[in-house]
Structure formats: structure tokens, C-alpha cells
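Visitor: Let me give you the structure first, and then I'll get to my questions.
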Amino acid sequence: MYDAGPQAVEAVRALRVLAQERPQELELFEGFTDAELDGWAVAVPEDVRVVLREIGGLETADHEYRFGPRGRETFADGCWTLGETDFGEGSLITGVGAAGWGPVVAVNPWGADPDVTVEAPDFATWLTGFAERLAVGVADRPRGRFSVPATPTVELAEQAGAADPGLAALAALAALVDGGDGSGGRGDSLTDLVDLNGLPGYPCAVDWEPYFSTFHNTADTGSSEVQFQIVGDGRALLLRSVVSGDFLGRAVRRHSVPADAARCAVAELCELADSLPDFVVLEPGCADSVMDGWAVPVPEDVRTVFREIGGVTIAGLPELRLLPWAAEHAVDPELHRMLGGDGSYWPLARIDHGRSHALAQIRIDPATGRWGYVVSVPGDGEKLREYPELALLAESLPDLLLTFARLARRAAAGPDFASRMSRDTRWLFPNTGEPWPRPAPVGEWAGSADPLLAAATELPDGTHAADLRAVPIPSDLCFYRAAGWPYAARLERLHFAAAGQLAAAVPARG
């Protein structure tokens, strides 16, 4: 149906005949003048103009499509929304790059069977197919006869970074990917990409689903959405899951932490301190002999940092006090117990947020001495007991430092360094707008082949936990938002396994 057919002008002619023959089934809207088309924010190529001069849209018993803004909305995100699908649950969009309008994509991210289908390579071909279906009485939308996968943008960016320079197509796609923080080309853990060039045929279904789930109730009203954008003049479709009020529904692809992250972090921060002395200040580190006397073993990657840097002060950020015994690290004995006690965490910084504060810390596996994930936990023991929560900040101390360095370089490229850094690091405090991994009752993992999950089932009844190995960074883990968290329960303690790869909340008994 889409591989050949009449030209756009013939499709318009066919629609006019149908509108005359079946006026109760089809209404055509008035077209646009060239002056109107010239005033639009996007270029309108001639093969689209021949349609839009004649008709400005159409309406059937099941669908309404508007081919131009006319006071409704503007062209945005590289595409124009032609109309809604599935009774308002989805959208039909077309790319509006300078090279032409296309492709045409139906996006319906909701329900048990989310659907993304590339219906036609361009607007004129889509209109031709629509007229053909209407002529034979087919009201349903075309279903995919072909299929392609969506690719996590982080995976795409990292493949391109390591690829043979001759793989120009991969590099070109990666260049279209924005990391969500202005870094460009880095990818985003909640965004997938569909390569719209060279599809096997049309209609072409996309193997994809949102990263959020509407199947698990939260304490909030779910308002997650999917933002879609056509980039590169129709080259690719970006599908970004905005997780809000729902839990994450599937694992994500996180940015890889380089094997030499500690060395890179030290080099990056030292260079920033030299080039931006008004904004980045480093404190001296300490000798190995000093670290040997601490109560916890210090692995080599952490020593690489501590030998050179004992503290990091970046304008707009909380001060990182990497060495022990800083006044900012003090917590009351009860909170200390709830966090696991001596040897289970290493304090880094006090995070102030309004009248509340949190403690950023590295989780340490007491059994192995491994230093792992960096989390932020409310510093008010009574509040934590009533509302158990935490934020995942990084996979390791070097990972956190590399993130700070990247954000500092970005802030230095514009005005008001401190304000920009403060705005871009609100996620340091728990529950400030990042995605929510779902805290599951540990009983759900009974019989799991995963040793980490299986071990969690030995925690007391009522314990909820989350596997943090495949969630975005940052993420907010809010135990009390899970529908299964016992009503009015109080926290007994937080439990971290494998240096923070799994986090659990154990409720108090009685």
C-alpha cells in the first residue's frame, strides 16, 4: 500500500471525490494560501504545499487531522502533531525538517500494549495511503507489517564513542542524542532512539515500551508521560519517558563508569581548580599511612582520590569533606544505628534543603570492605523513621566526582556559575523529582536465581527493597510511597547489601 501509488495531487483529488460521494463520512477543511505557508515557523516543501493549498485537514467518523497550526499549537520538537489516535490516547506526528515532511509516526505509549508505528516515509505517502484505506472502507489504523527495535541512547552514544571511525552512520545518530543536561551526544537513561533511515518497509512497528509502569500503585497520582521528538530532519525519533507519580517499570541502560574513573576524577578536578579558581577549590589529601590507621579498609580506587584530594568546594554545591571527622558529618546516635552503624557508610557531605538536611554517604560492604554506591539519606532520624527514603547519587565516589566535574564545565560555559550548579544538582536531596524505583516486598523474590535478591528474602517480614543495579542515576527510592508499605509503619533500620546495590527498609515491629 505504501510502496507505490498516486502522487499527492491525485490523493487530494481522490479525497475530494470521496467527500462528495460520502459527505456524512468525510469532511475536508479549507486549505492555506502561500502567504500563510510562508509565515509558518518551518519550511513547507512543494510536495506538501500541493496538498495544503487544497485542504487544511480532514475529519472522518473516527479521526480528525489538522495539517497546519491556525491558532491551535505551534511546530515543536522537530515535528507537527497532525491529530490524535485511539480516542486521544496517542498522537500522529510528522517530521517538519527543511528537507521535507516526514516520516509520519503514530505514538501511543499508554495501556498494556504501547504502540509506536512508522506509518509512512513522508506526509504525501501517508495521505495517499489514508485515501486508499478510506476508499475501501477501512477505518482502522495500519498495523506494522515490519518491525525494528528502539535503542537506548546511552548504549548508542557509548557504541559510537568506541566504534571504528568508518561507522559514520552510528556516529551521526549519536550526535543527535542530547544527554538531557546539555552535554549533547552522551545519551539519557530514560530515552530511546529509533533510526528512521532505511526501515525494512511500511508500516513499521517499533519494539519499545516506556520505562515507567502504571501497574503498581504509588502514594501519588501517576502523571508519567512520553515526550517524543523527531531530530536530524527526520533521521531519528527520540522517545523519552518522564517518570512522575509512577514507579520505574523496567531496567535502564546507565552510563558506564570508566575503569580509571578515580584517576580521571582527580585529573578533571585539579584542572578545574587551576582554570576556575574562583569556583573550584580543592583541599589536600593524605598519605597512605594515615589511611592505614582508619577503622575501615580503603580500596585502591578510593586511595587514588584521597591521596590527592581531601575536600572539594564547588560554588553552588554542598562542600564535600572526603576525610573523616568533619563537623558536617555528625549524626545523632539513633540515626547512626538506623544507617547501619560504624563501618557500613562513609560520610561525604551535609545536603541542606530548606529547613531539612540529608547526609551524602558512600555505602561500604562490611563483609568485603568494598566501597560502593553513593546515596543521600535524610539527616533527621525522626523524619526518616516516618518517611523512609533515600536518593541514589552515583555508583562510586569517583563516579560522583566525575559528574560534578562535568556539571562544573557546563556551568562555566554560561553566566552565574553558582546558581547553575545549584539548579542542576537539586537531585542531591532525596525525593526532589527523580524517577522512583519500585520498593518490592522481599517475599516477591523467593526462589530467585539472583543471589542478591534471594538473600534479601531472609530479611524480616514487611521489609521492602529495591534492586538499584539497573535504575537511573539519580533516582529517588521512597519506600513509603509503595502501596504495600505497612500503613503508619515506622522504620526500624535501612539495610544495604553489596555496598548499596540493593537497599531495603525494615519496618519496626508492633
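The values are calculated or read from the model by the stated rules, or taken from the named source; none is laboratory data. What you are looking at is a predicted structure, and each value in this text was computed from that prediction instead of being measured. Reconstructed Cβ throughout: ideal geometry from the backbone, glycine too, with neighbour counts over all protein chains shown.
Rundown of residues vs (1) in contact with a helix residue (DSSP H, G or I) (Cβ under 9 Å, 6 or more places away or on another chain); (2) under 20 Å from Glu382 (Cβ atoms), yes/no style:
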site	(1), (2)
Thr457	yes, no
Thr463	yes, no
Leu468	yes, no
Ala483	no, no
Ala489	yes, yes
Arg493	yes, yes
Phe496	no, no
Leu502	yes, no
Arg509	no, yes
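Visitor: Any residue in region 373-384 that is of a type in the set (D, E, K, R) sitting within a Cβ distance under 8 Å of a residue that is surrounded by fewer than 21 Cβ atoms within 10 Å (Cβ to Cβ) and assigned to a strand (DSSP E or B)? List the pairs, counting only those 6 or more apart or interchain.
Guide: As it stands, the answer is Asp380/Ser356; Asp380/His357; Lys383/Ser356, since those pairs meet every condition given.
Visitor: Name every residue in region 380-412 that is among the small types (Gly, Ala, Ser) and part of a loop (DSSP other than H, G, I, E, B), in order of residue number.
Guide: If we filter region 380-412 for residues that are among the small types (Gly, Ala, Ser), which is where we start, we get 381, 391, 394, 396, 405, 408, 411-412.
Of everything in region 380-412, just one residue is among the small types (Gly, Ala, Ser) and part of a loop (DSSP other than H, G, I, E, B), namely Ser396.
Visitor: Looking only at residues in region 300-355 that are touching a Pro at 6+ places or on another chain (Cβ under 7 Å) and surrounded by 15 or more Cβ atoms within 10 Å (Cβ to Cβ), which one is modelled with the lowest pLDDT?
Guide: Among those residues, the one meeting the criterion is His329.
Visitor: Check whether at least one residue in region 192-199 is touching a residue at least 60 places away in the same chain (Cβ under 8 Å) and over 22 Å from Glu158 (Cβ atoms), and report yes or no.
Guide: yes
Visitor: Can I ask one more? If you check Ala449, Ala454, Ala497, Ala412, which single one turns out to be out of contact with any strand residue (DSSP E or B) (no Cβ under 7 Å at 6 or more places or on another chain), surrounded by 15 or more Cβ atoms within 10 Å (Cβ to Cβ), at pLDDT 95 or above and more than 21 Å from Val374 (Cα to Cα)?
Guide: Ala412
Visitor: Among what's in region 195-214 and is outside any strand (DSSP E or B) and of a type in the set (S, T, N, Q), pick the residue that is modelled with the lowest pLDDT.
Guide: Going residue by residue through region 195-214, those that are outside any strand (DSSP E or B) are 196-203, 208-211, 214.
If we keep only those that are of a type in the set (S, T, N, Q) too, we end up with 197, 214.
Working: Asn197: 89, Thr214: 80.
So the residue we want is Thr214.
Visitor: Identify the single condition in (1) surrounded by 14 or more Cβ atoms within 10 Å (Cβ to Cβ); (2) without any contact (Cβ under 8 Å) to a residue 24 or more places away in the chain that Asp288 does not satisfy, given that it satisfies every other one.
Guide: (1)
Visitor: Another question, then. Which residues, counting only those in region 108-136, are part of a strand (DSSP E or B) and either over 31 Å from the mean Cα position of the chain (by Cα) or surrounded by fewer than 21 Cβ atoms within 10 Å (Cβ to Cβ) (or both)?
Guide: Residue satisfying the conditions is Asn108 alone.
Visitor: Let me ask something else. For Leu82, state whether it is buried (at least 19 other Cβ atoms within 10 Å of the Cβ) and free of Cβ contacts under 8 Å to residues at least 60 places away in the same chain. Spell out how you get there, then give the answer.
Guide: Working: buried (at least 19 other Cβ atoms within 10 Å of the Cβ): yes; free of Cβ contacts under 8 Å to residues at least 60 places away in the same chain: yes.
Taking the combined requirement at face value, the residue satisfies it.
Visitor: What are the pairs, 6+ residues apart or on separate chains, where a residue within region 413-431 that is part of a helix (DSSP H, G or I) has its Cβ under 6 Å from a residue that is at pLDDT below 95 and surrounded by fewer than 18 Cβ atoms within 10 Å (Cβ to Cβ)?
Guide: Close Cβ pairs satisfying both conditions: Arg426/Thr432.
Visitor: Then there is this: Looking only at region 137-167, filter to residues that are of a type in the set (D, E, K, R) and in a loop (DSSP other than H, G, I, E, B); which one of those is modelled with the highest pLDDT?
Guide: Restricting to residues being of a type in the set (D, E, K, R) and in a loop (DSSP other than H, G, I, E, B), the top hit is Arg145.
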